[in-house]
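Just below is one structure, and these are the notes that go with it.
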Amino acid sequence: MCVISILFASQALANENLRCAGNSNCAGTVSKDTDAPKDMVLVPGGSFLMGIDKVVNVDTKKMSKRQQLRYAVSREAFHDEGPAHNVILDAFHIDKYETSNKKYSEFMKATDHPAPAYWDDSKRNKPNQPVSGVNYHDAKAYCSWANKRLPTEAEWEKTARGPEGYKYPWGNELDNDKGNFGRKQEYTANVDAYPQGKSPYGAYSMAGNVFEWVEDWYDPNYYKTAKQTINPTGPSKGVFLSATGTYVDRYATGKKRVIRGGSWYAPAASSTTTHRFWNDPINNSYGVGLGFRCARTVQDNGMLQARTFYMDALINMGAEKYPQAMEAIEKAISQDGANAEYAQLKTMIQKQIP
C-alpha cells in the first residue's frame, strides 16, 4: 500500500466513523453499551442448553389421514430436538415482534419487492398483524433492507427459552392464554398481542402466531453430529429429505431451511421452544402462517476500540509517523488479535521503520 492509498483509506475510514457515530443501524452492528434499537431486545452473550433429550412417542394410528397429511408425524420429526447440548453465543439483538404487515409494506414500497401470499386476505392483512406467506428469500431480503439479518436457529432458541431454559417462552407449562396456536382463532393475532406470553428476554409471539424463518439449513441429525458449539450457524448445506413422514405436498422433498415457533394453525406441540420444523426455501404458503423476525449482531466494545486504533495507525502511517502508527496498531492487535488485516498493516509499518 503506497502512502497515497493509505491516506485515501484512512480518510474513508474516518468518514465512515463519522457517519456511524451515534447510528445504531450502521453496518448492522451496535455497541454493547448502547440501548437496544427500537423494537428490538438484547439477548446477552454466554452459554445455554440447546435442545432436549426427552423422547416423544407418537401413535400415528390414532391420527386422521388429514392430520397425517397436515403435520409431520414420523419418528424422525420428534427426535431431531436432541441431544441437549451446550452452545455459546455472542450477544445479539432480535426483533421484539414478528415483522408486521405495516413494516413489510414499507419494504415493498422502497424496493418494489412483490407482495407475499395472502396479501389481499382481509383476515390477515391488517397493519399490525404479522406478515405471512413469505418464503426464506423474502425474509432474508427484508432483513437485509432493514440492515439486519435472520437469526440463527441457536439465537432464536435462546431468545425463546431465556436463561432458565423454559419449555415455552413463559415457563414449563402449556398455557393456552399466552399464545395464538392450535387454531384457537382462525387468523393471526397482532404482533404485540399476548404480552403475558413473551419470552424472558422480552420477545413476543415466540410460541404460535406464525412460524418464523431462521438462517440455518435443516438436518434432522444436526444436533447429533454438530461440532460447532460457539456461535453455530447450522449445517454447511441442506440435506435431501424423503417424503416419508413429512408434510405431503409438492415441496415435501428436497433441501429445507429451519422454521421455528409454531403458528396459529399448528398444534400446541409445535410451539415449544425446542421444536424444530422445516420448509422449502421457496415455499411461501406453508400452513397459512409463515413469517419471520430479524436479528442484529452486537459488536463488542473491544472490537470497536480496536477499529479506532487501526484507523489511528492508518492516519499516522499516511503522515509517515511510523512509530506512532506502530503504537496504534499494536493496541488494535491487543484488542483483536485474530484480525488478519491488523497483522498485515503491522508488517507494512515494520518495513518502514529503520
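The values are calculated or read from the model by the stated rules, or taken from the named source; none is laboratory data. Remember, it's a predicted structure, so these values are computed and weren't measured experimentally. Glycine gets a Cβ as well: all are built from the backbone with ideal geometry, and neighbour counts include every protein chain shown.
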Please work out which residue is nearest to residue 150 (Cα to Cα), limiting yourself to segment 207-234 and to residues that are part of a loop (DSSP other than H, G, I, E, B) and in contact with a Phe, Trp or Tyr (Cβ under 8 Å, 6 or more places away or on another chain). 234
Counted residues in segment 85-135 being acidic (Asp, Glu) and within 19 Å of residue 289 (Cβ to Cβ) come to 4
For the condition of a type in the set (S, T, N, Q), over 17 Å from the mean Cα position of the chain (by Cα), at pLDDT 95 or above and assigned by TED's automatic domain parsing to the domain that holds residue 95, what is the one hit in 196, 185? 196
Within segment 148-155, is even one residue closer than 19 Å to residue 266 by Cα and modelled with pLDDT of 95 or more? no
Given (1) among the hydrophobic types (A, V, I, L, M, F, W, C); (2) part of a strand (DSSP E or B); (3) over 32 Å from the mean Cα position of the chain (by Cα), index of the condition residue 349 fails: (2)
Go through segment 101-148 and report how many residues are more than 22 Å from the chain's Cα centre (by Cα) and part of a loop (DSSP other than H, G, I, E, B). 14
Between residues in segment 42-53 that are under 12 Å from residue 155 (Cα atoms) and residues that are polar (S, T, N, Q) and surrounded by fewer than 18 Cβ atoms within 10 Å (Cβ to Cβ), which pairs lie under 7 Å by C-beta distance while being six or more apart or on different chains? 47/86; 49/86
Would you check which residues across segment 313-330 are surrounded by 18 or more Cβ atoms within 10 Å (Cβ to Cβ), out of contact with any Ser or Thr (no Cβ under 6 Å at 6 or more places or on another chain) and not polar (S, T, N, Q) and list them? 313, 317, 322, 325, 326, 328, 329
With the condition kept exactly as written, say whether any residue in segment 70-80 is in a helix (DSSP H, G or I) and either at pLDDT 95 or above or crowded, with 18+ Cβ neighbours inside 10 Å (or both). yes
Return yes when residue 178 is at pLDDT 90 or above, within 20 Å of residue 291 (Cα to Cα) and in contact with a helix residue (DSSP H, G or I) (Cβ under 9 Å, 6 or more places away or on another chain) and no when it is not. yes
The conditions are (1) surrounded by 15 or more Cβ atoms within 10 Å (Cβ to Cβ); (2) under 20 Å from residue 263 (Cβ atoms), and residue 123 fails exactly one of them. Which is it? (1)
Provide a single number: the residues in segment 235-264 that are at pLDDT 90 or above and either more than 21 Å from residue 87 (Cα to Cα) or outside any loop (DSSP other than H, G, I, E, B) (or both). 8
Does residue 199 satisfy the condition of being surrounded by 14 or more Cβ atoms within 10 Å (Cβ to Cβ), in a loop (DSSP other than H, G, I, E, B) and not hydrophobic (A, V, I, L, M, F, W, C)? yes
